[in-house]
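Step one of this worksheet: look at the structure below.
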Amino acid sequence: MYTSREDIGYDFGDNSKDGSKTTQPNPNIDGGWAWMIVLSSFLVHILIMGSQMALGVLNIEWLEEFNQSRGLTAWVSSLSMGITLIVGPFIGLFISMCGCRKTAIIGGILNALGWILSAYASNVHCLFITFGVTAGVGSGMVYLPAVVMVGQYFQKRRALAQGLSTTGTGFGAFLMTALLKYLCVEFGWRNAMFIQGAIALNLCVCGALMRPLSSKELVNEKCIVRNNSEVNHAKALSHSTDTVKSSGVLNGEQEKKEEATNEEVLDSVQHIESGGDSISRKRMYGLRILKRVSQLTVTVRKGFGIWYSSYFGAASLFTNRVFVAFIIWALFAYSSFVIPFIHLPEIVKQYNLSRQNNIFPLTSIIAIVHILGKVILGIISDLPCISTWNVFLMANFTLVACILILPLMQTYIGLAVICALIGFSSGYFSLMPVVTEDLVGTKHLANAYGIIICANGISALLGPPFAGWIYDITQKYDFSFYICGLLYMVGIIFLLFQPCIQKKATREKSTEEAQV
């Protein structure tokens, strides 16, 4: 295991002498408007992730309404959760071109539209399109910017900030479960989804709060972070870093040439516009359109270049072996957390525990303790003597143990204890952006975290239907929990040993170079 964050760090920036210059800290970093970003992200997690954690309520309504199998009906919830995360890499492209604010506002409108259209669904297959795809894509367009913005505004207290913002998932699961139950009882599930769509429009307000940092502020902050960490920065992965650096220089020169060419076009348009009265209004209108198109072309080409180089260029994120191991882990991890939320109401019915569960739902226990877990794990990870990586791994081992034990519990007290442990250990979700940023750097956080949540999305997409399919065959959920737990364990072990292999390979290569 690692003893510091720097041990798993990839420095995607340059090591130029700029780091030696004295720079003034930006008041909005770790303070000021940064806390408004945390508030915005917190509300996003309530409205998106919290609502998705409460879909077990609607799942029961859909089973009664459409009389379809549990496996088929579970696909509605899985599509919504899965697509929210799977679209991550493509949302990274939108962020590169439009920025986090515009992407989040568009996503808020799309998410609300998905909820409203779902109120008129005539069968489960319509819900696949309206709720699973439409609302899912909208959720993804808001969720990723909410995480990325917190990473940009915080450096010293990243884990705590991410922990506080992501507690919205727990609050949301608790609040939305109660809200959806009330709305379904009072107005029916269709009107409940319509009302929820109106509530989801508040995501546009959250997106408007995501004020971007200027490029100057970002550069100054990178210099400050480099000054604070360059003495202790690990050199274990320097051979991959050199490749990234050289690629970054070439890409930078190419971008400057392209920008210069486009600036010439824009200047020529402005010069013609200054002709004034000699050109008709229609001609001027056409020139203004040309100017806007040219500006849009510059933005799109630049954003696509950053996005493409992150995935397929010489500076590809996939050259980082530890990051690749992180992706493999993510493919198995998320389903183990999602399955209890989707199928716990059915498990409670199966064990005749509905009376106790109505008094205090097991999903609410997970949600409440999940809040504490995120905050506490975030505070612990920010301690100077504690490794974020080690905290992350310990929480994972605890969660997989709970998933394997849960089917053995057939009393309410036993299930409540296991659910509490699941809620606390799953607080490691707040550490995922921090670990990702330690691996790839702030510049590549949007694209890298997009890949991670995409892998989580695949896991969330396939997990619940798999559990429903197993139940349809065996009339028990036991085997689905066991299989998902074992796959999760494989991912953790792979993630645990890959860094050791990486370090060994780096030492061997360094030894060979020294001998030559």
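The values are calculated or read from the model by the stated rules, or taken from the named source; none is laboratory data. Since the structure is predicted, the reported quantities are computational estimates derived from the model, not experimental observations. Cβ atoms come from the backbone with ideal geometry, glycine included; neighbour counts cover every protein chain shown. Ligands, DNA and RNA are stripped out before the accessible areas are found, and what is left, the full protein with its side chains, is counted by its heavy atoms. Shrake-Rupley method; radii C 1.70, N 1.55, O 1.52, S 1.80 Å.
Quick notes on this one:
- Each semi-axis of the equivalent ellipsoid for segment 30-211 is √(5λ) with λ an eigenvalue of the Cα gyration tensor; in descending order they amount to 29, 16, 13 Å.
- F187 accessible area, 1.4 Å probe, all protein chains in place, Å² to nearest 10: 100 Å²
- Length released on extending from R190 to R355, taking residue separation times 0.36 nm less the Cα-Cα span: 56.8 nm
- Equivalent ellipsoid of segment 435-481: semi-axes from √(5λ) of the C-alpha gyration tensor, largest first, are 35, 9, 4 Å.
- Three-way shape label, segment 396-479, alpha-carbon gyration tensor, a/c 1.5: oblate
- Largest to smallest in accessible area, the residues Y334, Y182 fall in the order Y182, Y334 (1.4 Å probe, all protein chains included).
- Prolate/oblate/rounded label for segment 321-400 (Cα gyration tensor, a/c 1.5): oblate
- Of K102/K156; K102/K181; K102/K443, pairs whose Cα-Cα distance is over 21 Å: K102/K156; K102/K181
- Surface accessible to a 1.4 Å probe, D382 within the full protein complex, Å²: 40 Å²
- Cα shape, segment 24-84, gyration tensor, a/c 1.5 rule: prolate
- Accessible area, probe 1.4 Å, largest first, for residues W115, W469: W469, W115
- Highest-first packing order for the peptide set 372-378, 395-401, 162-168, 487-493 is 162-168, 372-378, 395-401, 487-493, based on the mean count of other beta carbon atoms within 10 Å.
- At q = 0.16, 0.23 Å⁻¹, base-10 log of I(q)/I(0) for segment 410-457 (Debye sum, equal scatterers on each alpha carbon): -0.56, -0.79
- Its residue count N sets the reference 2.2 N^0.38 Å, and the alpha-carbon radius of gyration of segment 315-510 equals 1.10 times that reference.
- Accessible surface, 1.4 Å probe, highest first, among residues L209, L127: L209, L127
- Sorting the segments 343-351, 427-435 by their mean number of nearby beta carbons within 10 angstrom, highest to lowest, gives 427-435, 343-351.
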